[in-house]
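For reference, the structure is listed below as structure tokens.
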Amino acid sequence: MGAYDNCIILIPALQPDERLIQMIHGLHEHGFHKIAVTDDGSSDDRQKYFQEVEIMGVKVIHHSKKMGKGVALRSALRLADEKIGESDFYITADCDGQYSPEDIEKVAKELLNNPNCFVLGVRTYERKKGKKVRFWMNSCQKLFFRITNHGKECPDPRSGLRGFPASLKKLALCTEGKSYDYELNFLDAAIQKTPVVVVPISSETHNSNETSHFRPVVDLLGMYLKFWKYLFTSNVATVFDLVFFIIFENLFSKLGTISIFVATICARAISGTVGYILNRYISFQSKLNPGREMVRYSIVFVCQMAASGILVSLLSVIPIPTVIVKAIIDTILFFVVYNIQKNWVFADKHQLR
């Protein structure tokens, strides 16, 4: 029996090498014997590594083709339920030596001390010569995470070494995302439900790892795909607002000065409807009751308009061009509304519980 038999290790694996074998040996030595691995479409010449870890007692599930890290993690979790049984805690790691057995044990110990928390292994990026790109990339990602999550901080949003209690298992299985975006989506959802505890881990192995499948530009953009979709749909709705404002202002020009007010209301009604449809089906891909969402979206939409108008009016006394004041206020409201829509209007029912 291992020292951590109440923990199951979940490992997504793509094109593994000897380091997967070394990692399993190291986990066994540290008392981890319940391990589920997903072969995410690896080539035939890499199957020997999966066969070897199966001999060592590891449960393995195979994907016929590459499905992405998010799908692989969910597959490993389902495999663990079917072949190993339920557990108190789950820990996700990688197969390519990014996270050592010693660091995985740190996360396990923290889980035991904080059984109702989400534990995140945090790497330290120092501003050293040759590592400035990683330092600034991580700094920008921390800032972006903060402004898209109600100001909540996370020192290493991209870390794949994380532990969570069984109470978050259903959320882990329901969270959307095929690749690295899944990890961020799960972190976003978990941080709304439970406290996050951080554990310092080594970053040297990761920094020198040349076989990582993470593509810095493509995958970082993909991780925040939901936000980029929201930015796109918001701009589309803005275009609708401007176009229909011009149309309605011309149609109601005989009404005099009131035509601007009428045109504004009509244009906002159309752009708001377009925004709701685009956000529901593109940005957040919601499958919940549209009636409830429409009511919530309408409330947020009206409040956003009112807040923008009131704040711009109040701050118009500042000796700054009004258009600049409006741009600043609307930018701040943009991020505030994004968070509200993500976590309330279009939030998954499992995230709301």
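The values are calculated or read from the model by the stated rules, or taken from the named source; none is laboratory data. None of these values were measured; they are calculated from a predicted model. Please note: Cβ atoms are built from the backbone with ideal geometry, for glycine as well, and neighbour counts cover all protein chains shown. Quick note on the areas: whole protein, heavy atoms, side chains included, nothing else; ligands and nucleic acids left out. Shrake-Rupley method; radii C 1.70, N 1.55, O 1.52, S 1.80 Å.
Mind checking whether some residue in segment 145-159 is closer than 25 Å to residue 3 by Cα, in contact with a Leu (Cβ under 7 Å, 6 or more places away or on another chain) and at pLDDT below 95? Yes, segment 145-159 contains a residue that is closer than 25 Å to residue 3 by Cα, in contact with a Leu (Cβ under 7 Å, 6 or more places away or on another chain) and at pLDDT below 95. Total residues in segment 44-89 satisfying the condition of being touching a strand residue (DSSP E or B) at 6+ places or on another chain (Cβ under 7 Å), of a type outside the set (A, V, I, L, M) and within 21 Å of residue 183 (Cβ to Cβ): the figure is 6. So in segment 61-107, with the set limited to residues that are crowded, with 16+ Cβ neighbours inside 10 Å and polar (S, T, N, Q), which one is modelled with the lowest pLDDT? Only one residue tops the list, namely 98.
Return the residue satisfying two criteria in turn: it lies in segment 214-225 and is open to solvent by 70 Å² or more (accessible area, probe 1.4 Å) and touching a helix residue (DSSP H, G or I) at 6+ places or on another chain (Cβ under 8 Å), and of such residues it is modelled with the lowest pLDDT.
For segment 214-225, the residue satisfying everything is 221.
Taking the conditions (1) in contact (Cβ under 8 Å) with a residue 60 or more places away in the chain; (2) not in a loop (DSSP other than H, G, I, E, B) in turn, residue 67 satisfies each one other than (2). Restricting 240, 248 to those that are assigned to a helix (DSSP H, G or I) and open to solvent by 70 Å² or more (accessible area, probe 1.4 Å) reduces the list to 240.
Set side by side, the residues 277, 320, 310, 258 differ, and just one is among the hydrophobic types (A, V, I, L, M, F, W, C) and either within 30 Å of residue 174 (Cβ to Cβ) or open to solvent by less than 60 Å² (accessible area, probe 1.4 Å) (or both), which is 277.
Of the set (1) within 20 Å of residue 235 (Cβ to Cβ); (2) assigned to a helix (DSSP H, G or I), all apply to residue 325 but (1).
Take segment 24-42 and flag every residue that is closer than 13 Å to residue 60 by Cα and either part of a strand (DSSP E or B) or of a type in the set (D, E, K, R) (or both). So that I can check it myself, show each step before the final result.
Residues of segment 24-42 that are closer than 13 Å to residue 60 by Cα, as a first pass: 24, 34-42.
Answer for segment 24-42, where residues must be closer than 13 Å to residue 60 by Cα and either part of a strand (DSSP E or B) or of a type in the set (D, E, K, R) (or both): 34, 35, 36, 37, 38, 39, 40.
Selection over segment 251-284 of residues that are under 19 Å from residue 341 (Cα atoms) and among the basic types (Lys, Arg) gives a count of 2. Per this entry, residue 48 is not counted among residues that are surrounded by fewer than 20 Cβ atoms within 10 Å (Cβ to Cβ), closer than 11 Å to residue 9 by Cα and at pLDDT 95 or above. The set of residues in segment 108-120 that are open to solvent by less than 40 Å² (accessible area, probe 1.4 Å) and not aliphatic (A, V, I, L, M) comprises 117, 118.
Condition first: closer than 25 Å to residue 158 by Cα and open to solvent by 20 Å² or more (accessible area, probe 1.4 Å). Now tell me which residues in segment 35-45 satisfy that.
Of the residues in segment 35-45, the ones closer than 25 Å to residue 158 by Cα are 35-42.
The one that is closer than 25 Å to residue 158 by Cα and open to solvent by 20 Å² or more (accessible area, probe 1.4 Å): 41.
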